[in-house]
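Scroll down for the structure; my scribbles are underneath it.
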Amino acid sequence: MPHRPFKLRALLFLYSNGNLAGCALALLGPALLFAGVIDQGWLLITAGLYGAGWLMARRSPELERHIADSLTNEETLAHLDTLVASATPHLTQDMRGRLQSIRDSVAEVLPRLVSQPNGGDALFTVRETVLRYLPETLANYVALPAAFRVSHQLQSGRTARDLLAEQLDMLAGQMREVVANVAASDAQALVANGQFLRARFQQPDFLAR
């Protein structure tokens, strides 16, 4: 994991689900004290309540990051559908549209590539998109605290939500190009698609600079 400045790590902790839930539950300590339910040891009880809240909520929704490369066509599409369903609650309407565009392009081109003996480079590009680029990008986005995604500028004044929208738009455009290039049997263009995606998605971490 790349080194992150202390201020950034502190902000991520401040906005994290674990800290927010811990603070909310810890408020019960002073409330119970003022209500006369507890007396001595209320600080320890409050600290314990915070710890309990943090433990219950600290885990972010998880998306699969890795999967075997030996999936069948149907299994690959099923994996993509699961990924889309898992990510949808965390995305804006525009992002969902881009994600659906990626899914439609993959569903259109994958059967043709699987049936072609020379579909190697293009098939590899599509599989890498479904099994690596897209899951890793979405997983890194979902792992960020929800408030942090939209409130903190990361690169050139853009938030994590802005960056994800750009990346999904880029992936959707590249998948449409793959569909067109497969239809045109343009092998050189398909190689260029693969090289472009590898270069752009080598580092899916939104906090990397």
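Before moving on, here are some points about what is shown:
- Among the conditions (1) within 30 Å of Ala24 (Cβ to Cβ); (2) surrounded by 14 or more Cβ atoms within 10 Å (Cβ to Cβ); (3) modelled with pLDDT of 90 or more; (4) in contact with a Lys or Arg (Cβ under 9 Å, 6 or more places away or on another chain), Thr92 misses just one, which is (2).
- Condition met for Val126 (among the hydrophobic types (A, V, I, L, M, F, W, C), crowded, with 18+ Cβ neighbours inside 10 Å and touching a His at 6+ places or on another chain (Cβ under 8 Å)): no
- Region 68-109: number of residues that are among the acidic types (Asp, Glu) and within 16 Å of the chain's Cα centre (by Cα): 2
- Tally of residues being over 24 Å from Ser86 (Cβ atoms) and surrounded by fewer than 16 Cβ atoms within 10 Å (Cβ to Cβ) across region 159-185: 4
- All conditions but one from (1) modelled with pLDDT of 75 or more; (2) within 18 Å of Leu134 (Cβ to Cβ) apply to Ala68; the one that does not is (1).
- Test: Val150 is out of contact with any Leu (no Cβ under 7 Å at 6 or more places or on another chain) and free of Cβ contacts under 8 Å to residues at least 12 places away in the same chain: yes
- Output for region 35-48, where each listed residue is modelled with pLDDT under 75 and in a helix (DSSP H, G or I): Trp42
The values are calculated or read from the model by the stated rules, or taken from the named source; none is laboratory data. If you're wondering where the values come from, they're calculated on a predicted model, not measured in any experiment. With ideal geometry, Cβ positions are generated from the backbone for all residues, glycine too; neighbour counts draw on all protein chains shown.
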